[in-house]
Amino acid sequence: MNKKIISFQDAVQFNMKSRSQGFEGFNRDQKQDNKISVNKAIFPILAFSNNINGGNLSQTVEVGDYTFVGEKDANAKSGLVVGAGLILRTKKIIGRGKSLNFDFNTSLAAAPAHDWLKVRNETLVACSKNHLKEWMFFDACANWAHNKREYSDTINKSISASLSKIFKYGRSFNEGSFTAKRDISSSLHQMQGTFALNSLLPNGLKANFDITSGKPVKDLLSLKYSVGMTINGLVRKKPITVSFRRTFYDGGKFLGIDRVETSQQLSVSYPFSNGFNVSIGYAKTVSTIHSFSSAGPIFSISLPAISF
């Protein structure tokens, strides 16, 4: 910082960000703010869903010489969903570069074209974030998520620990991290490991790459690996984001037949104005049990959240 001249606005932002993470600002006499900070906001929802009701992707399931026919009303329904949600975030600084964070998110959306079928979501994340030394950090988190639709009601839980380091390579600035995660949902217990690399490149582009590997789970469909990449650049001084992910699942059986699935997703996101972001894309899943295969568009609009 001593070798650069930065704008007053950048200096103010750096000062605020630094102190909010439990570090000093430009003035070392400014101590960390140890008060509990609380942020509250409500946000609207406008998105396209390929399976609003959590129904069957196909009305018929063929296994060998057998064909199973499900109820027509239980088929997956697609369309626009509208609704709103609430965000509650709290943070407590407990030391230099150390904080406790709690995030709660709840939302309710419905589909006007399908008699207002409802989709309900709640998530709770609790994290301990810790600066170790120099540019090394350690985070530990617990996650709980609930999703309820007409034909599905799922709860996913996990605990994770990650070690990350910020470093400079050539003219790029990078953050490398390794995360160990354990899914502890009622239907699946699995260990996963993730390596991620976030980079700020000299040409102004931001790049993110991550790869996750999961430990095999006997007789249950579970994650084997997932690879994702995101590129972020500027178009008319606004950030455009292009993301791609490929995920492979195996280990499952359906009526004695091996079930293996591969999912791919490509999306583009762009903010047309402050708080107004549009995401479009395409997702496809190919399964060895044809009835579990699916393909369809991705569409969502993020509207400005209202803090209170």
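The values are calculated or read from the model by the stated rules, or taken from the named source; none is laboratory data. Please read these numbers as outputs of a predicted model, since none were measured by experiment. Neighbour counts are summed over all protein chains in view; Cβ atoms, including those assigned to glycine, are modelled from backbone coordinates with ideal geometry.
Could you look through segment 1-53, keep only residues that are basic (Lys, Arg) and modelled with pLDDT of 80 or more, and pick out the one that is surrounded by the fewest Cβ atoms within 10 Å (Cβ to Cβ)? Step through it out loud before you land on a result.
Filtering segment 1-53 for residues basic (Lys, Arg) gives 3-4, 17, 19, 28, 31, 35, 40.
Retained after the next criterion (residues that are modelled with pLDDT of 80 or more): 17, 40.
Working: 17: 11, 40: 14.
Of everything passing the filter in segment 1-53, 17 is surrounded by the fewest Cβ atoms within 10 Å (Cβ to Cβ).
Across segment 249-277, what is the number of residues that are closer than 22 Å to residue 189 by Cβ and surrounded by 15 or more Cβ atoms within 10 Å (Cβ to Cβ)?
Of all residues in segment 249-277, those closer than 22 Å to residue 189 by Cβ come to 249-254, 258-261, 263.
Now drop any that are not surrounded by 15 or more Cβ atoms within 10 Å (Cβ to Cβ), which leaves 249-252, 254, 259-261, 263.
Number of matching residues: 9.
Between 81, 119, 69, which is in contact (Cβ under 8 Å) with a residue 60 or more places away in the chain and either touching a Cys at 6+ places or on another chain (Cβ under 6 Å) or within 29 Å of residue 287 (Cα to Cα) (or both)? Break it down into steps so the answer makes sense when it comes.
Details: 81 fails: in contact (Cβ under 8 Å) with a residue 60 or more places away in the chain; 69 fails: in contact (Cβ under 8 Å) with a residue 60 or more places away in the chain.
The unique qualifying residue is 119.
For the condition at pLDDT below 95, touching a strand residue (DSSP E or B) at 6+ places or on another chain (Cβ under 9 Å), of a type outside the set (A, V, I, L, M) and surrounded by fewer than 14 Cβ atoms within 10 Å (Cβ to Cβ), what is the one hit in 152, 186?
Numbers: 152 fails: touching a strand residue (DSSP E or B) at 6+ places or on another chain (Cβ under 9 Å).
Being at pLDDT below 95, touching a strand residue (DSSP E or B) at 6+ places or on another chain (Cβ under 9 Å), of a type outside the set (A, V, I, L, M) and surrounded by fewer than 14 Cβ atoms within 10 Å (Cβ to Cβ) holds for just one of 152, 186, which is 186.
Restricting attention to segment 213-232, and to residues there that are surrounded by fewer than 17 Cβ atoms within 10 Å (Cβ to Cβ) and farther than 17 Å from residue 197 by Cα, which single residue is nearest to the chain's Cα centre (by Cα)?
215
Looking for something of a type outside the set (D, E, K, R) and closer than 25 Å to residue 294 by Cα - is there at least one such residue anywhere in segment 167-182? First the steps, then the outcome.
Kept after step one, since they are of a type outside the set (D, E, K, R), are these residues of segment 167-182: 167, 169-170, 172-174, 176-180.
The next check asks that each one be closer than 25 Å to residue 294 by Cα; those that pass are none.
Checking segment 167-182: not a single residue is of a type outside the set (D, E, K, R) and closer than 25 Å to residue 294 by Cα.
Collect the residues in segment 249-297 that are among the basic types (Lys, Arg) and either over 12 Å from residue 220 (Cα atoms) or touching a residue at least 60 places away in the same chain (Cβ under 8 Å) (or both), keeping them in residue-number order. Working first, answer last.
If we filter segment 249-297 for residues that are among the basic types (Lys, Arg), which is where we start, we get 253, 259, 284.
Selection gives 284 alone.
Considering segment 133-149 alone, what residues qualify as being part of a strand (DSSP E or B) and at pLDDT below 95?
Keep residues of segment 133-149 that are part of a strand (DSSP E or B), which gives 133, 136-148.
The one that is part of a strand (DSSP E or B) and at pLDDT below 95: 133.
Just name the residue that is surrounded by the most Cβ atoms within 10 Å (Cβ to Cβ) out of those in segment 81-120 that are among the β-branched types (Val, Ile, Thr) and at pLDDT below 95.
Here is the first cut: in segment 81-120, the residues among the β-branched types (Val, Ile, Thr) are 81-82, 87, 90, 93-94, 106, 119.
From what's left, at pLDDT below 95: 93-94.
On the way: 93: 22, 94: 15.
Among them, the one singled out is 93.
Given the conditions (1) among the polar types (S, T, N, Q); (2) under 29 Å from residue 193 (Cα atoms); (3) at pLDDT below 90, report the number of the one that residue 269 does not fulfil.
Among (1) among the polar types (S, T, N, Q); (2) under 29 Å from residue 193 (Cα atoms); (3) at pLDDT below 90, the lone unmet condition for residue 269 is (3).
Just one of the numbered conditions (1) in contact with a Gly (Cβ under 7 Å, 6 or more places away or on another chain); (2) farther than 30 Å from residue 77 by Cα; (3) basic (Lys, Arg) is not true of residue 149; which one?
Condition (2) is where residue 149 drops out.
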